[in-house]
Amino acid sequence: MAWIRTVWCSHWIRRILVILLLTTFVGAAAAFAVAPYLPRLVLEGYPAPQWPASGAFARVKGAGNGSDTAIRSDRPVKASLGAMSQNLFGKDGGKALLLHHDGMLKLEHYAGSIDRRTRFNSYSLAKSLVGVLVLRAVTRSLIGGLQDPVGKYLPGIGDPAFRAVPLAAFLHMRSGVVFSESGLRATSVSEVKDIEDLRINPFGPMARLHMKGLGDVASGLRVDPSNTAFSYQNINTAILGAVLEKVYGEGLETVLAKEIWVPAGPEAADWRRHGEELPVTPYCCIYARPRDWLQVALFLMNNGDGHFLRPDLWQAYFGSGLSAAERRKGAYGPHVYHNVLDRAGEPLQGPFTYMFGSRGQVVYMMPEKKLVLVRFGDGIPLLHSTLYGAWRSLPR
């Protein structure tokens, strides 16, 4: 009788194993049918913080001379940080810190094996370039104005209410778009942290956008007309990127190269694509050196040759019209952030505009002080203290 029980048990164990295997296979097949990009999503994972990185990329042409001509120094560049800055740099996972002031590079510091050749992931710093390119397109009359409805340039996108939303609303993250899953969008400037994080529903709209591009979600886009509050979502930048490609008739990587990257002086960069032969992801992932971002910031802060942006648009990009209270609270737009240094006893004071990327990539610009600070790392830095500490590090 014992051998009968053994055979019977073995038979049912085999049946259970077969059922489990079949269930797993059917489930995997169904998941792949709904989201064929899943293997690629798993393989790529979260975008790597430094180059090289997995995935598909488009080349952003650079100036090509490798001399960093926009960066000048009248003395050996300081390579060490002051006590305050060194403490912050180590505590917040700093990797690179550069400060350019009054036409000269005054501070350049890297951690460990990092050096000036290291290329970092921009994360959402890319958004600020898309924002300023929209203003450039208006300056060049490729876009009639920021109050133009998005449907004028993308007639096949979303429903009628969506197509009626003005470009300015997307530029300021106030479009009312209904897109991201709960918890994956910031509703105030202070909440904007790791918004590109793909630890979300792999079958949801954000994953589809990231892996297959705007075309895969465009037809289902809609807005809540009653909600024009700030809501930080990558889809806003994706839409602006598509508008730019439409009005320029070229890929966004080519537009960036012609309008900013080459004239500003950086070396060539790599920009993540949604997939092979698909457009680049407008909201994320340009791999470039900190020095490249420094040159871009100087270019924007000086308005290029003085005519890159129409004067009113250049002023808007740097927060003209914001009250002191708005700056202290933190303001957003157009695709950049605005704040102010006003801590009592600190020698550096005044308004600043900054680009911000996930994991704490920050490019600060202070036109009135002729100052640019670039910071890359693996952690979110203290916004104001980073500027204060770097300024204190300069030789007096």
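Nothing in this text is a laboratory measurement; each read-out follows from the coordinates by a stated rule. Note that the coordinates shown come from a computational prediction; the quantities given were computed from them, not determined experimentally. Neighbour counts are summed over all protein chains in view; Cβ atoms, including those assigned to glycine, are modelled from backbone coordinates with ideal geometry.
Observations, loosely collected:
- The range 62-393: relative contact order in percent, alpha carbon pairs under 8 Å with at least 6 residues between: 29
- In a simple Cβ point-charge model (Lys, Arg +1; Asp, Glu -1; nothing else charged), the chain has a dipole of about 600 debye relative to its Cα centre.
- Cross-link pairs exceeding 20 Å between alpha carbons, from the set Lys95/Lys212; Lys61/Lys258; Lys127/Lys370; Lys127/Lys369; Lys61/Lys127: Lys95/Lys212; Lys127/Lys370; Lys127/Lys369.
- Highest-first arrangement of 297-310, 125-138, where packing means the average Cβ count within 10 Å: 125-138, 297-310
- Sorted on the mean count of surrounding Cβ atoms within 10 Å across their residues, most packed first, peptides 219-226, 346-353 read 346-353, 219-226.
- Of all complete DSSP H helices in the chain, those with a Cα span along the helix axis of 15 Å or greater and a mean Kyte-Doolittle hydropathy of -0.5 or more are 2-34, 125-139, 234-248, 290-301, 383-393.
- Between Gly158, Leu81, Ala58, the Cα set farthest toward the positive side of the dipole of the chain (charges on each charged residue's Cβ, about the Cα centre) is that of Leu81.
- Alpha-carbon spread of the range 62-393, three principal axes, descending order, Å: 58, 40, 39
- Sequence ranges 201-207, 111-117, ranked by mean other-Cβ count within 10 angstrom, highest first: 201-207, 111-117
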